[in-house]
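Working notes, beginning with the structure itself.
The values are calculated or read from the model by the stated rules, or taken from the named source; none is laboratory data. All figures in this text were calculated on a predicted structure; none of them were measured in a lab. We place every Cβ from the backbone using ideal geometry, glycine too, and count neighbours over all the protein chains shown.
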Amino acid sequence: MFQVAGIPDIVGVVNGRFIALELKADNGKPSPLQIRNIDLIANAGGYAKFVYPKNWEDIKRELKQL
């Protein structure tokens, strides 16, 4: 399955709040378009993050608090 370039890997709604997660490998680098889209979503009030294995536990905690 393929997605449109720049669209986060996971999008959804948690307790009425839009979420967007861009999944990255340890050495993954976001593209300029991915950075722009995550910033736009966050600035509009959504929860938007780049998720790496090293920050996954933090992201899970934050999502549970939404």
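Here are a few things to note about the model shown:
- Residue-level analysis places residue 6 among those that are modelled with pLDDT under 95, surrounded by 11 or more Cβ atoms within 10 Å (Cβ to Cβ), part of a loop (DSSP other than H, G, I, E, B) and not aromatic (Phe, Trp, Tyr).
- Residue within the range 13-29 that is in a helix (DSSP H, G or I) and either under 10 Å from the mean Cα position of the chain (by Cα) or among the β-branched types (Val, Ile, Thr) (or both) present: no
- Cβ-Cβ distances below 6 Å connect the following pairs, each with a first residue in the range 13-26 that is more than 14 Å from residue 42 (Cα to Cα), a second residue that is surrounded by fewer than 12 Cβ atoms within 10 Å (Cβ to Cβ), and a separation of six or more residues or different chains: 14/66; 15/66; 26/53.
- Test for residue 36: is it surrounded by 12 or more Cβ atoms within 10 Å (Cβ to Cβ), basic (Lys, Arg) and out of contact with any strand residue (DSSP E or B) (no Cβ under 6 Å at 6 or more places or on another chain): yes
- Residues located in the range 11-32, provided they are surrounded by 12 or more Cβ atoms within 10 Å (Cβ to Cβ) and of a type in the set (A, V, I, L, M, F, W, C): 11, 14, 18, 19, 20, 21, 23
- Selected residue (only one of 65, 34 is of a type outside the set (Gly, Ala, Ser) and under 12 Å from the mean Cα position of the chain (by Cα)): 34
- Residue within the range 45-55 that is free of Cβ contacts under 8 Å to residues at least 24 places away in the same chain and exposed (fewer than 11 other Cβ atoms within 10 Å of the Cβ) present: no
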